[in-house]
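Report on the following structure.
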Amino acid sequence: MERVDEAIEKAIYFLDRELAPSSKLRAFSKARERTHEVGIEELETRTTDETLTDLEGIGPSTATVIANAIRGVECDYLTKLDARSRVRITTDGQRYLDALRGDCHMHSTWSDGGAPIEAMARAARALGHEYIVLTDHSARLTIAHGLDEERLERQLDEIASLNDQLEPFRILTGMEVDIFEDGSLDLSDAMLSRLDVVVASVHSKFRMPSDQMTQRLVVAVANPHVNIIGHITNRKVIGGGRVGSVFNAEIVFAACARFDTAVEINCRPERQDPPEELLALAVEWKCSIAIDTDAHAPGQLEWQAFGCDKAAACGVPIESVINTLSVEELMSWAA
Ligand SMILES: [Zn+2]
Ligand SMILES: [Zn+2]
């Protein structure tokens, strides 16, 4: 059964890495459930009889992956999927990637992510990271199952016990906190001060007039609890797309530099935020930069390569990238 689990996990990892449609991912999650329901003996019999697809929830692709795992032979489907979903990186980008020691923005099943904290941590460790910051959504983002203080409190307990198991790897506590329209945050000061790293992002009212959006962002940037401003323009460049928010970037980046709040390079393919001309301006203002995946699944942790390419293209000084810091350095920077 272990081999079957492993093969299905791999498929899901590669599909997440290529931002596959959720229907494909659902097919494999469903297949995983189904294989556990029927058990290894029936799977073996059905592999021999070639009747796996008679099982409800098992289609041709999932059946191929399961059958090859049971037979212990190489799976063409997985090999192709692996090759197709590989994240490419330029030589210049690779220098940044080599320098990175962690990832400061990601989600788990506690909010709208697809994997438990432990799976995210293990995948990050396998990529060579020394730490991650777990930043699930705050309570106001109900569609993303955002955490209220009580759930956040419980999450901190889970992280503490995972850290005991995963040592020396570290899961830092954090949250992607919503920025309200007036720039205040969707979490109490008491709770904010208990988190290791805080990402603050706009998830509503993207179309505010420029002067109001500027003020909203500056208030958040100046908040002593905020360490990183997430996906600063909120644009979406894939699918229906979304035009970025309009604000006075000179003022916002001046504030980021003044309060040493990092500007995030959000690596998600549909975000690619900030656009290059804006990132170049942040570099001019000597802002700190965070290269973060905003991963919602383990396979997406590899997307840091996209942000590294962008950092290289925009001349981001490597020493300004906060996730090149060690855990201790990052913690004292964020404190
Ligand atoms: Zn966000
Ligand atoms: Zn996020």
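State yes or no: is residue 108 farther than 23 Å from residue 184 by Cα and within 16 Å of ligand 1 (Cβ to nearest atom)?
yes
Anything in the stretch 226-256 that is buried (at least 17 other Cβ atoms within 10 Å of the Cβ) and either of a type in the set (Gly, Ala, Ser) or in contact (Cβ under 8 Å) with a residue 40 or more places away in the chain (or both)? List them, or say none.
Filtering the stretch 226-256 down to residues buried (at least 17 other Cβ atoms within 10 Å of the Cβ) leaves 226-236, 244-245, 247, 249, 252-253, 255-256.
Selection gives 226, 227, 228, 230, 231, 232, 233, 235, 244, 245, 249, 255.
If you take the residues of the stretch 281-317 that are under 21 Å from residue 331 (Cβ atoms) and free of Cβ contacts under 8 Å to residues at least 60 places away in the same chain, which of them is farthest from the chain's Cα centre (by Cα)?
287
Would you say residue 122 is of a type in the set (D, E, K, R), in contact with a helix residue (DSSP H, G or I) (Cβ under 9 Å, 6 or more places away or on another chain), assigned to a helix (DSSP H, G or I) and under 23 Å from residue 329 (Cα atoms)?
yes
Got a number for residues in the stretch 132-173 being modelled with pLDDT under 95, farther than 22 Å from residue 229 by Cβ and small (Gly, Ala, Ser)?
So the count comes out to 0.
Could you list all residues from the stretch 101-114 that are out of contact with any Gly (no Cβ under 8 Å at 6 or more places or on another chain) and either surrounded by fewer than 24 Cβ atoms within 10 Å (Cβ to Cβ) or closer than 18 Å to residue 154 by Cβ (or both)?
Hits for the stretch 101-114 are 101, 108, 109, 110, 112, 113, 114.
Looking at 195, 172, 187, 147, which one is within 16 Å of ligand 2 (Cβ to nearest atom) and out of contact with any strand residue (DSSP E or B) (no Cβ under 6 Å at 6 or more places or on another chain)?
147 is the lone residue from the list that is within 16 Å of ligand 2 (Cβ to nearest atom) and out of contact with any strand residue (DSSP E or B) (no Cβ under 6 Å at 6 or more places or on another chain).
Working only within the stretch 193-215, note down all residues that are more than 15 Å from ligand 1 (Cβ to nearest atom) and closer than 28 Å to residue 335 by Cβ.
193, 194, 195, 196, 214, 215
Condition check: within 16 Å of ligand 1 (Cβ to nearest atom) and of a type in the set (D, E, K, R). Does residue 178 satisfy that?
Yes; evaluated as a whole, the condition is true for this residue.
Answer with yes or no whether residue 306 is part of a helix (DSSP H, G or I), on the phi < 0 side of the Ramachandran plot and crowded, with 24+ Cβ neighbours inside 10 Å. Please lay out each step first, then the result.
Details: part of a helix (DSSP H, G or I): yes; on the phi < 0 side of the Ramachandran plot: yes; crowded, with 24+ Cβ neighbours inside 10 Å: no.
No: the conditions fail for residue 306.
Looking at residue 97, is it more than 16 Å from ligand 1 (Cβ to nearest atom), part of a helix (DSSP H, G or I), in contact with a strand residue (DSSP E or B) (Cβ under 9 Å, 6 or more places away or on another chain) and not hydroxyl-bearing (Ser, Thr, Tyr)?
So residue 97 passes the test.
Across the stretch 118-169, what is the total count of residues that are of a type in the set (S, T, N, Q), surrounded by 13 or more Cβ atoms within 10 Å (Cβ to Cβ) and free of Cβ contacts under 8 Å to residues at least 40 places away in the same chain? Steps first, please.
Taking the stretch 118-169 as the starting set, the residues that turn out to be of a type in the set (S, T, N, Q) are 135, 138, 142, 155, 161, 163, 165.
Remaining after also requiring surrounded by 13 or more Cβ atoms within 10 Å (Cβ to Cβ): 135, 138, 155, 163.
If we keep only those that are free of Cβ contacts under 8 Å to residues at least 40 places away in the same chain too, we end up with 163.
Total satisfying the criteria: 1.
The values are calculated or read from the model by the stated rules, or taken from the named source; none is laboratory data. Given the structure is predicted, the values throughout are model-derived calculations rather than measurements. All Cβ positions, glycine included, derive from the backbone under ideal geometry; neighbour counts span all protein chains shown.
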